[in-house]
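Heads up, the thing below is written out as structure tokens.
Nothing in this text is a laboratory measurement; each read-out follows from the coordinates by a stated rule. This is a predicted model, so every value here is computed, not measured. Because the Cβ atoms are built from the backbone with ideal geometry, glycine has one as well, and the counts that use them run over all protein chains shown.
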Amino acid sequence: MKDYEFSNGMTIPAGTHVAVSTHRPHFDDQIYGDPKHFDGFRFYKLRQASKSKGEPGRKFDMTWTSADALHFGAGKHACPGRFFAACELKLMFAHLITNYDMKLAKEGVRPADQWLSILCMPNTSAKVLFRKRRCQPPT
């Protein structure tokens, strides 16, 4: 809406889009230990380790925000809907694992990640097979 001048004299003109790369903290070996290798229990292990050090119990939760976890923003601008989003994801996964058998088309082979510039995401062309579970009558 208007030019912004920093204390050092640098100015950002009105209408300029500013973005921050979250790559550095999310791929920091000091924080996440081998961040380029998939570990489905990474945050569980980090939470257990932080609890044993007496750190806050919610650290490394899905909705946790800090300068090291920017997936939902940080500070006063952190996403207020992150708690709702986390609950929705947990409900969807609970429904899937209780009602379906699932496996990758190439069993035992994790599809390679896809990279778009600095954005790493799951392989969108990987085949995942779903089979509705049959209800077992009580005996």
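Some observations on this one:
- Relative contact order of segment 4-80, pairs being alpha-carbon contacts under 8 Å that are 6 or more residues apart, as %: 20 percent
- Within segment 9-32: backbone nitrogen closer than 17 Å to the Asp3 label point (7 Å, Cα to C-beta): 9-17
- Helix 42-52 and the longest principal axis of the C-alpha atoms of the chain enclose an angle of approximately 70°.
- Here each label is just a point 7 Å from Cα along the line to Cβ, and for Leu96 and Asn123 those points are 1.6 nm apart.
- Residue among Thr98, Thr11, Thr63 with the largest mean-square fluctuation in a Gaussian network model of the chain, springs linking Cα atoms under 10 Å: Thr11
- Cross-link pairs exceeding 18 Å between alpha carbons, from the set Lys45/Lys76; Lys103/Lys127; Lys106/Lys127: Lys45/Lys76.
- Angle in degrees between helix 82-99 and the longest Cα principal axis of the chain, rounded to the nearest 10: 20 degrees
- Peptides 44-53, 66-75, 14-23, ordered by how many other C-beta atoms sit within 10 Å of their residues on average, highest first, read 66-75, 44-53, 14-23.
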